[in-house]
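Here the structure comes first, spelled out in structure tokens, and everything after it is commentary.
The values are calculated or read from the model by the stated rules, or taken from the named source; none is laboratory data. Please read all numbers here as calculations on a predicted model, not as lab measurements. Reconstructed Cβ throughout: ideal geometry from the backbone, glycine too, with neighbour counts over all protein chains shown. Accessible surface areas use protein heavy atoms only, side chains included; no ligands, DNA or RNA. Shrake-Rupley method; radii C 1.70, N 1.55, O 1.52, S 1.80 Å.
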Amino acid sequence: MNILIYEYILGEVITKKNAFLLNEAKIIISEKINNLSNKYPDSKTSILINKENQKLIKEGNIIYRNDNLNVNSEILNLFHEFDKAFILAPEENNILYNIIKFLEEKKIPHLNCSSVFIQETCDKKKTNNLIKNKLPNTELIHNDYKKINEKEPIVAKIIDGLGADMLYIFKDRNDLENNKNFLTKKHIYQKFIKGQVAGVNIFSKDGIFEILSLNEQIYERKSANEIFLKEMRIGAFNDHIIDFKHIVQDILKGFTGYDGFFGMDFIISENKEIFFLEINPRLTTSYTFLRESIGFNPAELYNNVSLKFNIKENKKFSIIVS
């Protein structure tokens, strides 16, 4: 199976705005290329890349971007050489959605979740509204921070943001209002719940899903209010698989098109309650460490989603992310 890969950061000119994602993009896409190449050794795995970034990736067959074409047109022109496309792009400003929607309109097969699923999950507030009636522990998201009790701590995040970019925690409303210069029109607000952050790595095909890893995400403060992802503890919550499997199953009811790899984030509160945070309708950073943890090539799941493995026996280890 010949596969054409496009990764947004490597495929475009790197700017100050997206440079912080560069290392993450490199390690994720290198792992993806290696997994696909090992799974399909007699096929061609190619990556569409901006020529300025040619030294950043050594894996796969390199195809240089045509500066005169947008990425959709370029994929369309190239696709006669390939069987499927794989896209890794941010949800921000509908970048991922628009590419996948175009592929579907042109009937180009891909290894991503559907455009419908991406559209429903890339907007954190829209996702929150869809899920609030499915899970009792869903803290509402607001456009107006004044809807949160003025004494409560508040988390502010970008409505379609990627990871922990521009993620802030405020002690209360007064603290937020004293630091409003950090906030943008794209920020949304939620009561902050103290606890451990759990990242769930999922693969799904034809409505069947498997949880591959339950990871802990360790955040640290970049400043008095801003936080960032510092460390990932792969498999830290694997023993809680039964609880999370029921929760993920409840969340996915009513959604369609969740094929491929994607993730969900939760908070495990100090009272051991599990609160939903968001869905990431794409590969997440933890994909990079999946093969080492689960003990087999994740690309095998494309042909057999029901591969037998015991998640409680997966390898556990810690990774410093930044």
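Side notes on the structure shown:
- Every residue from the range 49-76 that is assigned to a loop (DSSP other than H, G, I, E, B) and closer than 17 Å to F86 by Cβ: I57, E59, G60, R65
- Candidate set from the range 141-159 (those that are open to solvent by 20 Å² or more (accessible area, probe 1.4 Å) and in a loop (DSSP other than H, G, I, E, B)); member that is nearest to I279 (Cα to Cα): I159
- Pairs linking a residue in the range 46-75 that is over 18 Å from I100 (Cα atoms) and free of Cβ contacts under 8 Å to residues at least 12 places away in the same chain to a residue that is of a type in the set (S, T, N, Q) and open to solvent by less than 30 Å² (accessible area, probe 1.4 Å), with Cβ atoms under 9 Å and 6 or more positions apart or on different chains, are D67/N50.
- Just one of the listed residues (I241, I234) is open to solvent by 10 Å² or more (accessible area, probe 1.4 Å), in contact (Cβ under 8 Å) with a residue 40 or more places away in the chain and more than 24 Å from C122 (Cβ to Cβ), namely I241.
- Taken over the range 210-223, residues that are under 18 Å from L301 (Cβ atoms) and open to solvent by 30 Å² or more (accessible area, probe 1.4 Å) amount to 1.
- Selection count, the range 244-282, where residues are over 20 Å from the mean Cα position of the chain (by Cα) and open to solvent by 80 Å² or more (accessible area, probe 1.4 Å): 4
- Across the range 169-176, not a single residue is classified as of a type in the set (A, V, I, L, M), open to solvent by less than 70 Å² (accessible area, probe 1.4 Å) and touching a His at 6+ places or on another chain (Cβ under 9 Å).
- Restricting attention to the range 33-43, the residues that are polar (S, T, N, Q), open to solvent by 60 Å² or more (accessible area, probe 1.4 Å) and farther than 23 Å from S322 by Cβ total 1.
- Filter result for T138 (open to solvent by less than 60 Å² (accessible area, probe 1.4 Å), among the polar types (S, T, N, Q), part of a helix (DSSP H, G or I) and in contact (Cβ under 8 Å) with a residue 24 or more places away in the chain): no
- When the range 79-116 is filtered for residues that are of a type outside the set (S, T, N, Q), open to solvent by 30 Å² or more (accessible area, probe 1.4 Å) and assigned to a helix (DSSP H, G or I), the ones remaining, listed by number, are H80, E81, E92, I95, Y97, K101, F102, E104, E105, V116.
- Residue pairs whose Cβ atoms lie under 7 Å apart, separated by 6 or more positions or on different chains, with the first residue in the range 284-302 and polar (S, T, N, Q) and the second part of a helix (DSSP H, G or I) and open to solvent by 20 Å² or more (accessible area, probe 1.4 Å), are T285/E24; T288/I27; T288/E31; N297/N38; N297/K39; N297/R291.
- A single member of E300, E226 is out of contact with any strand residue (DSSP E or B) (no Cβ under 8 Å at 6 or more places or on another chain) and open to solvent by 30 Å² or more (accessible area, probe 1.4 Å), and it is E300.
- Among the residues making up the range 307-322, those that are part of a loop (DSSP other than H, G, I, E, B) and over 20 Å from the mean Cα position of the chain (by Cα) are L307, K308, F309, N310, N314, K315, K316.
- Exclusive hit being surrounded by fewer than 20 Cβ atoms within 10 Å (Cβ to Cβ), part of a helix (DSSP H, G or I) and either at pLDDT 90 or above or not acidic (D, E) (or both), set S30, S46: S30
- Among residues of the range 82-108, those that are out of contact with any helix residue (DSSP H, G or I) (no Cβ under 8 Å at 6 or more places or on another chain) and at positive phi, counted: 2
- For N128, the conditions (1) open to solvent by less than 20 Å² (accessible area, probe 1.4 Å); (2) under 27 Å from K253 (Cβ atoms); (3) in contact with a helix residue (DSSP H, G or I) (Cβ under 9 Å, 6 or more places away or on another chain) are fulfilled apart from (3).
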